[in-house]
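Colleague: This is the structure, below, for whatever I ask next.
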Amino acid sequence: MKKVIITGASGMLGRALVAEFTKQSWDVLGLAYSRAEGALKKVDLRDGEAVRNVFKEFKPAVVVHAAVERKPDVVENQEEEARKINVTATETVAKTCAEIGAFLVFFSTDYVFDGTKPPYKPGDAPNPLNKYGIQKVEGEKVVQATQPNSAILRVPILYGQVEFLKESAVTVLAEALLDTSKQAKMCDYQIRFPTYTKDLAVVCRQLAEKHLQDPTIKGLFHWSSTERMTKYSMVTVIADIFGLSHDHLIANKEPPTGTPRPYNCQLDTSALEAFGIIGQRTPYRDGIKECLEPYMKK
Ligand SMILES: NC(=O)c1ccc[n+]([C@@H]2O[C@H](COP(=O)([O-])OP(=O)(O)OC[C@H]3O[C@@H](n4cnc5c(N)ncnc54)[C@H](OP(=O)(O)O)[C@@H]3O)[C@@H](O)[C@H]2O)c1
């Protein structure tokens, strides 16, 4: 049985990864921190010795590193704390993978780009606009320098099975939709490509399996859905699915204020597809319905 360690297994993407690798009969060890429950093992990735001990004991063929501090506003305000997980822990994971000979898949973000010249190919120069993007570029660099036997998978805004609506920047839109007591502005400016974690987990598993068959499959890759949306268009689809009014939501055509965010980071996914990694693309309408149904029935 092929073995995989998944970091960030309690997170939104991590739980989809655990489900997908398990379904395909991999021997999965999921690592988590504050939400380490059930089969998940509690490991603080900022503790290098703990990481090395777990990796050396389990001896995975593949490590999928999805642990992160990803909220741009948190990274902006608590930069050094966030760097410990986004950069330093990533270096520890990469070093340990190199020591034990495990293939590493590191998740990164479309926010490494400035959003002015889409679509972006993996070789295009990053130019992050905010500290989260800067730290993810730093994470990419330590992975490339430390474990050449790795893949970096940049992905856009994600949604998936959530433990609470605020867990994803997409599912949280339902909160404003359900609260008809007040008007709310919804961004109708920034172009996004909301991608379902279930689809991404399939792509990641296929990438790991392809690499084990052909070790030359490695390096920088992009994955994304192809549905071009804004937060306003995402929320109107949710309203339509569940037969709700969105009259209290106002389309805001102005660029967002606060933490700088890129305009359009559309990712070109052809490099991955050229290797026959085509995954699956659930239509947004179907995917978001699946994820929100438990909340809308309440
Ligand atoms: N979500 C998006 O829209 C999005 C967009 C683009 C790229 N990505 C990338 O996708 C990947 C996964 O993101 P996500 O949305 O699944 O993140 P998430 O839901 O915020 O999950 C973060 C995970 O990191 C773990 N973690 C945080 N600090 C830790 C520590 N000190 N030690 C061990 N584990 C720690 C958390 O564990 P506990 O909760 O148990 O503490 C949790 O499992 C990241 O690389 C992110 O950059 C995400």
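Colleague: Quick one: 232, 263, fewest Cβ neighbours within 10 Å first, how do they rank? Let's see the in-between values first.
Modeller: Details: 232 20, 263 13.
With the fewest neighbours first, 232, 263 line up as 263, 232.
Colleague: Next up: At 0.36 nm per residue, minus the direct Cα-Cα distance, what do residue 163 and residue 212 gain on full extension? Give it in nm, one decimal, please.
Modeller: Details: separation 49, 0.36 × 49 = 17.64 nm, distance 3.30 nm.
In short, 14.3 nm is gained.
Colleague: Along each of its three principal axes, how wide is the spread of alpha-carbon positions in the chain, in whole angstrom units, largest first?
Modeller: Principal-axis extents of the chain (Cα, largest first): 57, 40, 39 Å.
Colleague: Give me D for the stretch 185-281 in µm² s⁻¹, whole number, from Stokes-Einstein with Rh from the Kirkwood sum over alpha-carbon pairs, 4 °C and 1.567 mPa s.
Modeller: Working: Rh = 15.7 Å.
Here the translational diffusion coefficient equals 83 µm²/s.
Colleague: Ok, one more. Just report the Cα centroid separation between the stretch 43-86 and the stretch 199-223, whole Å.
Modeller: If you average the Cα positions of each part, the centres end up 21 Å apart.
Colleague: Related question: Using 0.36 nm per residue of separation minus the Cα-Cα distance, give me the extension gain between residue 79 and residue 280 in nm, one decimal. Show your work: numbers first, answer last.
Modeller: Working: separation 201, 0.36 × 201 = 72.36 nm, distance 3.52 nm.
Going from the current span to full extension adds 68.8 nm.
Colleague: Would you mind listing how long the stretch 1-84 runs along its three principal axes, going by Cα atoms, in whole Å with the largest first?
Modeller: 43, 27, 21
Colleague: If you split all Cα-Cα distances of the stretch 104-194 into 10 Å bins from zero, what percentages do you get per bin, shortest first?
Modeller: For the stretch 104-194, the binned pair fractions read 14, 37, 30, 14, 4, 0 percent.
Colleague: Evaluate E = 1/(1 + (r/R0)^6) for residue 240 and residue 56, where r is the Cβ-Cβ distance and R0 equals 41 Å; express this FRET efficiency to the nearest 0.05. Show your work: numbers first, answer last.
Modeller: Numbers: r = 51 Å, r/R0 = 1.25.
Calculated transfer efficiency: 0.20.
Colleague: Sticking with this structure for a sec: Would you mind computing the Rg to Rh ratio of the stretch 155-221 from its alpha-carbon coordinates, Kirkwood style for Rh?
Modeller: Working: Rg = 17.2 Å, Rh = 14.7 Å.
Reported Rg/Rh (Cα atoms, Kirkwood Rh): 1.17.
Colleague: Mind giving me the nanometre distance, one decimal, between the label points for residue 98 and residue 117, set 7 Å out from Cα along Cα→Cβ?
Modeller: Result for the modelled spin labels: 3.1 nm.
Colleague: I'd like the antiparallel share, as a percent to the nearest 5, of DSSP beta bridges with both residues in the chain. If you can, show how the numbers build up before the last one.
Modeller: Values: 1 of 33 bridges.
Around 5 percent of the beta bridges assigned by DSSP in the chain are antiparallel ones.
Colleague: Within the stretch 146-188, whose backbone N sits under 20 Å from a point 7 Å along Cα→Cβ of residue 290?
Modeller: Counting only backbone N, you get 155-174.
Where a number appears in this text, it was derived from the coordinates with a stated rule and is not lab data. Everything quoted here is computed from the prediction, not taken from an experiment. Backbone-built Cβ (ideal geometry, glycine too); neighbour counts: all protein chains shown.
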